[in-house]
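Visitor: Please read through the structure below; I'll follow up with questions.
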Amino acid sequence: MFRREVIGSCELYLGDCLEILPTLGKVDAVVTDPPYGMNFVSNYRKEKYEKIENDHNQEIALKIIDWATKNANCSTYIFGRWENIADYPKPKSIITWVKNNWSMGDLKHEHARQSELIFFYPGIFHAWGGARPNDVVYADRTGNNYHPTEKPKSLMYKVINWINGQTIIDPCMGSGTTGVACVESGRRFIGIEINQKYFDIACRRIEATTSQGMFDFGKKTDEVLSVQENLFCGVANV
């Protein structure tokens, strides 16, 4: 069983993506940040986040990629780490996201991580949404106001605009940043999230962005919601 919400051009599901994906039809693109299989919990932050749902299970990412290769007509973009290179199917490209700050990792015995990877798989009808993009993209890391592995809206907006297609699905949508970027770029979005807290946050963010209108957006909505969510969820900025 799952819950379904429709907000403007967005269709949002609360439930297990591996159960919901087979019930859906073909899409233009898959853009998602699945569990990496690393079972990460930050020990560096003063205010610790809860464990990421199913982060011990890399099979989820592999099953999403398998579904995407059969159902995403244009593009698939899967976030990951260098450890995933040996396990993921060979991509056509690996994009490096360069951040303005350090990321998760071994603080004592490895070089400080300032990048993350995006695995790209073209579909049978792939074409670029604009000019051919580079395989390095720069975007400032967020303060993780909504989710412990939140991706910046500026990054997701860039990824969305690489895609020549209208219907984009995120099977692990977290707090809904990909959905916000889709609304702002005039795309149809399908999102799936297993954690009710983050699902509810995603619904509120997408609803707020939709109510502003496609051409009236910016940081203000997320800044206002960020204060509300921090009070509601007890999550502090980094």
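Visitor: Would you say R132 is of a type in the set (D, E, K, R) and closer than 16 Å to I94 by Cα?
Guide: yes
Visitor: When only residues in the range 92-140 that are more than 17 Å from G80 (Cβ to Cβ) and of a type in the set (A, V, I, L, M) count, which is farthest from the chain's Cα centre (by Cα)?
Guide: Per the stated criteria, the residue is L107.
Visitor: Now, a different point. Any residue that is assigned to a loop (DSSP other than H, G, I, E, B), closer than 24 Å to E150 by Cβ, in contact (Cβ under 8 Å) with a residue 60 or more places away in the chain and touching a Ser or Thr at 6+ places or on another chain (Cβ under 9 Å) - is there at least one of those in the range 106-121?
Guide: Within the range 106-121 (the criterion being assigned to a loop (DSSP other than H, G, I, E, B), closer than 24 Å to E150 by Cβ, in contact (Cβ under 8 Å) with a residue 60 or more places away in the chain and touching a Ser or Thr at 6+ places or on another chain (Cβ under 9 Å)), the answer is no, since none of the residues qualifies.
Visitor: So, in the range 109-136, how many residues would count as being under 19 Å from D66 (Cβ atoms) and among the hydroxyl-bearing types (S, T, Y)?
Guide: Qualifying residue count, the range 109-136: 1.
Visitor: Any residue in the range 186-213 that's closer than 13 Å to I169 by Cβ and touching a residue at least 24 places away in the same chain (Cβ under 8 Å): show its pairings with residues that are in a helix (DSSP H, G or I) and among the hydroxyl-bearing types (S, T, Y) at Cβ separation under 8 Å, as long as the two are six or more apart or on different chains.
Guide: Close Cβ pairs satisfying both conditions: F189/T178; G191/T178.
Visitor: With the condition kept exactly as written, say whether any residue in the range 185-195 is farther than 16 Å from C10 by Cα and surrounded by fewer than 18 Cβ atoms within 10 Å (Cβ to Cβ).
Guide: No, the range 185-195 contains no residue that is farther than 16 Å from C10 by Cα and surrounded by fewer than 18 Cβ atoms within 10 Å (Cβ to Cβ).
Visitor: May I ask you to say which residue of P122, P133, P91 is surrounded by 14 or more Cβ atoms within 10 Å (Cβ to Cβ), over 27 Å from E59 (Cα atoms) and modelled with pLDDT of 95 or more?
Guide: Every option except P133 fails the conditions.
Yes/no per residue for (1) closer than 25 Å to I192 by Cα; (2) modelled with pLDDT of 90 or more:
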residue	(1), (2)
I64	yes, yes
N73	yes, yes
R81	yes, no
V98	no, yes
K108	no, no
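Visitor: Could you please let me know if K151 is at pLDDT 85 or above, crowded, with 16+ Cβ neighbours inside 10 Å and touching an Asp or Glu at 6+ places or on another chain (Cβ under 7 Å)?
Guide: Here the answer is yes, as K151 does meet what is asked.
Visitor: Hey, can you tell me all the residues within the range 1-29 that are part of a helix (DSSP H, G or I) and surrounded by 11 or more Cβ atoms within 10 Å (Cβ to Cβ)?
Guide: C17, L18, E19, I20, L21
The values are calculated or read from the model by the stated rules, or taken from the named source; none is laboratory data. Just so it is clear, the structure is predicted and the values come from calculations on it, not from any experiment. For neighbour counting, all protein chains shown are included, and Cβ atoms are generated from backbone atoms with ideal geometry for every residue, glycine included.
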